[in-house]
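Participant: Can you read through this structure? Questions will come right after.
What follows draws every value from the coordinates through simple rules; no lab data is involved. Keep in mind it's a predicted model, so treat the numbers as computed, not measured. No Cβ is skipped: glycine too gets one built from the backbone with ideal geometry, and neighbour counts run over all protein chains shown.
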Amino acid sequence: MQHGCAIEARGLVKTYPGKSGAAASPDSRSGGKRAKARIRALDGLNLSVPRGTIFTLVGPNGAGKSTTVKILTSLAKPDEGSAAVAGIDVLADPAGVRRVIGVVGQRSGADPSATGRENLVLQGHLYGLDTKSARLRADELLAHFQLTSAARRFVRGYSGGMQRRLDVALGLVHRPQVLFLDEPTTGLDPESRAAMWQEIGRLASEDRMTVLLTTHYLEEADRLADTVAIVDVGRVVAEGTPSQLKERTGARTLDDVYLHYAGRRFEMAEVTRA
Amino acid sequence: MTAITAPAGAAPAAGTKGSPVNDTWYLTGRKLHALVRQPVVIAFGVVQPAIWLFLFGELFRKVIDIPGFGYHGSYLAYLVPGVVAMNAMSNNMWAGMTLIEEIDRGTLNRLLVTPASRLAIMNASVAEQAVGTIVQTLIIVGLAMAGGARYPGGVAGVAVVTVAAVLVGILWGALSNMTGMLLRSREAIIGVYTFFMLPLMFLSSAFIQPGFMPGWMQAISSRNPLNWEVQIGRSALSAAPDWAGIAERCGGLVALAVLAVVISVTTFRSYAKNA
């Protein structure tokens, strides 16, 4: 694994058993065993993310972003390829990886029938904190994410923005080295989104955290990312800083860059998901 | 978002390494907290058993007088082990629903990306089911007692009934969790439940002595784990429990519960590898 890289993935392949559909293709690998069509979610994906940077995966739904995040966070095993996070091999030592990563999934994950504080304290316990440290850390995070006044309210009653802030706080309880954010701002109002962007930027610059985020918003990638990787049909088709990508393609916006590589407009590819 | 979370570059919170026992404790605490906050859910859970006890019990009160029924006590008391068994099965059948909800909401994945022990996540669900089953069993036993049922077997008898109910609960809870994980469909769980529930109840001595059943029903009921629980309970609550029979059937229930949990944990592990 390359030195100084917080995330390194080589040749990731992941297929899922598929129903007969447009996206399905015969899986050549398992040829003899079963001739069933499998969906190839990842098709030899490579990534390297330097420490302390913000890396953004953009691409339409089904491009393989979420599958990549699942493999890197030990929630799924690739069929082929290798990956390491913070220098720890995801396949050989998934438990080791779990200790150093924070994950904020697409869906909230907070327990709605518990209070925000209880959610955070439990999370602290699961990372091995004793009750006193877990409570201290919970209060610290509640204050930081402006949730102190809602700390003892059930998460069920939180607004979308508050829930999302709690989700990020849950991912930070153990001060992870690498933070995964799967569509962190989807469904947020513009104000909450701007606040979230500011926080993500701060995590990388002040706390020197490595952040990998997936997004549906090219504007988000443009604003935040040190590196943007455009993912299409299970591979990274282009990678670079936002300005490099624009320069390379002669495009003025990331939208045009996307069009250049994917052959279709980003929004057009995205419309189908709604 | 104003203040700074942590000193820049602060070392990861070290703490002690989590153990399955600690993790089970904390995760069970989460579940029980939710249970305690909604006592209504537990209370509503016993509405159906109460209906069986009192409506069914009243309707067929005179069944006990049929010559050869051979039970000393009221029909209400006769029904108690059956209603306890039915409640243990039906309430734990919903375990899979909770699991699907946690999968859909992302809660399960959130737990799976922490270092928490996999086993502890499943343990917590089993522990929660056990606590719920114990509370409801005691409510049913108490309700019937208030209605005039008497238990010559005493506290020991009630304890045995409760243990058997927990075993049956774990068995069905594990089955329900497995169905939930494999099919991810609430409808499938309801299907499994309705498919098994009434046949298993009527193919047992819950309502009537086995001697009154046709031979083929007797043959099935002797192999019906729900009936084992009914027999354990009725024997334990009687004046002269047949401890050898109780031990044998409890052994059978333990074996099935362990098997069901092993299968359910295996399913869970494969889910965790391909969430």
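Participant: Please order B:M197, A:M209, A:M196 by the number of other Cβ within 10 Å, starting at the fewest. Numbers along the way, then the final one.
Facilitator: On the way: B:M197 16, A:M209 26, A:M196 21.
Lowest to highest Cβ neighbour count: B:M197, A:M196, A:M209.
Participant: When Cβ neighbours within 10 Å are restricted to other protein chains, what is their mean count per residue of peptide B:141-150?
Facilitator: Numbers: counts 0, 0, 0, 0, 0, 0, 0, 0, 0, 0.
Taking the mean over all residues of the peptide, I get 0.
Participant: Here is a further query. Explain nothing, just compute: Karplus ³J(HN,Hα) = 6.51 cos²θ - 1.76 cosθ + 1.60, θ = phi - 60°, for every residue of region A:68-73 in order, whole Hz, x for Gly and Pro.
Facilitator: Rounded to whole hertz, the list is 4, 4, 4, 5, 5, 9.
Participant: I want the local charge near B:A127. Using Cβ-Cβ distances under 13 Å, sum +1 for each Lys or Arg and -1 for each Asp or Glu among the other residues.
Facilitator: Working: positive: B:R30, B:K31; negative: B:D23, B:E128.
Value of the local net charge: 0.
Participant: Separate question: Taking every pair of distinct Cα atoms and averaging 1/r, then inverting, what Kirkwood hydrodynamic radius in Å comes out for region A:40-192? Walk me through the numbers before you get to the answer.
Facilitator: Values: mean 1/r = 0.0603 Å⁻¹.
When all Cα pairs of region A:40-192 are included, the Kirkwood radius is 16.6 Å.
Participant: Once phi is turned into θ = phi - 60°, what whole-Hz ³J(HN,Hα) does the Karplus curve with 6.51, -1.76 and 1.60 give for every residue of region A:80-93, x standing for Gly and Pro?
Facilitator: Going residue by residue, I get 9, x, 9, 8, 9, 10, 6, x, 9, 5, 5, 7, 7, 9 Hz, with x marking Gly and Pro.
Participant: Kirkwood Rh and Cα-based Rg: tell me the resulting Rg over Rh for region A:172-214, rounded to two decimals.
Facilitator: Values: Rg = 10.6 Å, Rh = 10.9 Å.
Here the Rg-to-Rh quotient is 0.97.
Participant: Which whole number gives the average, over all residues in B:116-125, of C-beta atoms from other chains lying within 10 Å of the residue C-beta? Kindly include the intermediate steps, with their values, before the conclusion.
Facilitator: Values: counts 8, 2, 1, 0, 1, 1, 0, 0, 0, 0.
Across B:116-125, the average partner-chain Cβ count within 10 Å equals 1.
Participant: Counting DSSP beta bridges with both partners in the protein assembly as shown, what percentage is antiparallel, nearest 5? Mind dumping the intermediate values first?
Facilitator: Details: 27 of 45 bridges.
Bridges in the protein assembly as shown that DSSP calls antiparallel: roughly 60 percent.
Participant: Provide A:K70, A:K132, B:K273, B:K31 in ascending order of the number of other Cβ atoms located within 10 Å of each residue's Cβ, fewest first.
Facilitator: On the way: A:K70 23, A:K132 9, B:K273 13, B:K31 19.
The most exposed by this proxy come first: A:K132, B:K273, B:K31, A:K70.
Participant: From the P(r) of chain B, can you give the percent of Cα pairs sitting at distances over 34 Å?
Facilitator: Values: 9904 of 37675 pairs.
Here the long-distance tail beyond 34 Å is 26 percent of all Cα pairs in chain B.
Participant: Moving on to the next point. Kindly count the pairs of lysines across chain A whose alpha carbons are less than 14 Å apart, treating pairs on different chains or eight or more residues apart as eligible.
Facilitator: On the way: A:K14/A:K65; A:K14/A:K70; A:K14/A:K77; A:K19/A:K36.
Taking the Cα cut-off of 14 Å, the pair count is 4.
Participant: What would the Debye equation give as log₁₀ I(q)/I(0) for region A:185-259 at q = 0.14, 0.17, 0.23, 0.28 Å⁻¹, counting only Cα atoms as equal point scatterers?
Facilitator: Reported log10 I(q)/I(0), two decimals: -0.48, -0.70, -1.11, -1.30.
Participant: Long-range amide H contacts for A:M209: which residues qualify at under 5 Å (H placed 1.01 Å from N, peptide plane, sequence gap of 5 or more or a different chain)?
Facilitator: Sorted by chain and number, the residues that satisfy this are A:A204.
Participant: Sort the following peptides by mean Cβ neighbour count (other Cβ atoms within 10 Å, averaged over residues), highest first: B:141-149, A:55-63. Intermediate results must be reported in sequence, preceding the final value.
Facilitator: Details: B:141-149: 16.6, A:55-63: 23.0.
Ranking the peptides B:141-149, A:55-63 by packing returns A:55-63, B:141-149.
Participant: How many Cβ atoms of partner chains, on average, are near each residue of A:118-129 if near means within 10 Å of its Cβ? All intermediate terms of the calculation are to be shown ahead of the outcome.
Facilitator: Numbers: counts 4, 3, 0, 2, 8, 5, 3, 11, 14, 9, 12, 5.
Whole-number average of other-chain Cβ neighbours for A:118-129 is 6.
Participant: Report the residue, chosen from B:R249, B:R118, B:R223, that carries the largest GNM mean-square fluctuation when chain B is represented by alpha-carbon nodes joined by springs under 10 Å.
Facilitator: Result: B:R223 has the largest fluctuation of those listed.
Participant: Taking θ as phi - 60°, what are the ³J(HN,Hα) couplings along region B:108-116 by the Karplus curve (6.51, -1.76, 1.60), each to the nearest whole Hz, with x for Gly and Pro?
Facilitator: My calculation for region B:108-116 gives 5, 4, 4, 6, 5, 8, 8, x, 3 Hz in order.
Participant: A follow-up question, please. Please work out the Kirkwood hydrodynamic radius for region B:15-61, using every pair of different C-alpha atoms, and report it in angstroms with one decimal place.
Facilitator: Values: mean 1/r = 0.0734 Å⁻¹.
That comes to 13.6 Å for region B:15-61.
Participant: Taking H as built 1.01 Å from N, whose amide H comes closer than 5 Å to the amide H of A:E80, not counting residues under 5 places away?
Facilitator: A:V13
Participant: Calculated FRET efficiency, A:S159 and B:L32, Cβ-Cβ r, R0 41 Å, to nearest 0.05?
Facilitator: Taking R0 as 41 Å, the efficiency between A:S159 and B:L32 is 0.90.
Participant: Would you mind checking the tilt of helix B:243-273 against the longest principal axis of the Cα atoms of chain B, expressed as 0 to 90 degrees and rounded to 10?
Facilitator: 30 degrees
Participant: Continuing with this model, one more query. Quick one: angle between helix A:116-126 and the longest Cα principal axis of chain A, in degrees between 0 and 90, rounded to 10, please.
Facilitator: 70 degrees
Participant: Order by neighbour count: A:D189, A:D79, fewest other Cβ atoms within 10 Å first, most last.
Facilitator: Values: A:D189 12, A:D79 16.
Ascending number of Cβ neighbours within 10 Å: A:D189, A:D79.
Participant: Still on this structure, please answer the following. Report the semi-axes of the equivalent ellipsoid for the protein assembly as shown in whole Å, largest first, where each axis is √(5λ) for an eigenvalue λ of the Cα gyration tensor. List each step's numbers first, then the result.
Facilitator: Values: eigenvalues 574, 135, 74 Å².
Taking √(5λ) for each eigenvalue gives 54, 26, 19 Å, largest first.
Participant: Between helix B:75-92 and chain B, what is the angle of the helix's C-alpha long axis to the longest principal axis, kept within 0 to 90° and rounded to the nearest 10?
Facilitator: 20 degrees
Participant: Right, something else. List the residues whose amide H sits under 5 Å from the amide H of A:A6, counting only those 5 or more places along or on another chain, with H placed 1.01 Å from N in the peptide plane.
Facilitator: Correct list: A:V49, A:R51.
Participant: Efficiency by 1/(1 + (r/R0)^6): what FRET value for B:Q48 and B:V254, r their Cβ-Cβ distance, R0 = 22 Å, to the nearest 0.05? Intermediate values should be presented prior to the final figure.
Facilitator: Values: r = 27 Å, r/R0 = 1.22.
Result of the calculation: an efficiency of 0.25.
Participant: Between B:S270 and B:I190, how high is the FRET efficiency from 1/(1 + (r/R0)^6) when r is the Cβ-Cβ distance and R₀ = 22 Å? Nearest 0.05. If you can, show how the numbers build up before the last one.
Facilitator: Numbers: r = 24 Å, r/R0 = 1.08.
After rounding to 0.05, the efficiency reads 0.40.
Participant: Sticking with this structure for a sec: With both partners inside region A:22-181, how many of the DSSP beta bridges are antiparallel, as a percent to the nearest 5?
Facilitator: Numbers: 6 of 10 bridges.
Percentage antiparallel, nearest 5: 60.
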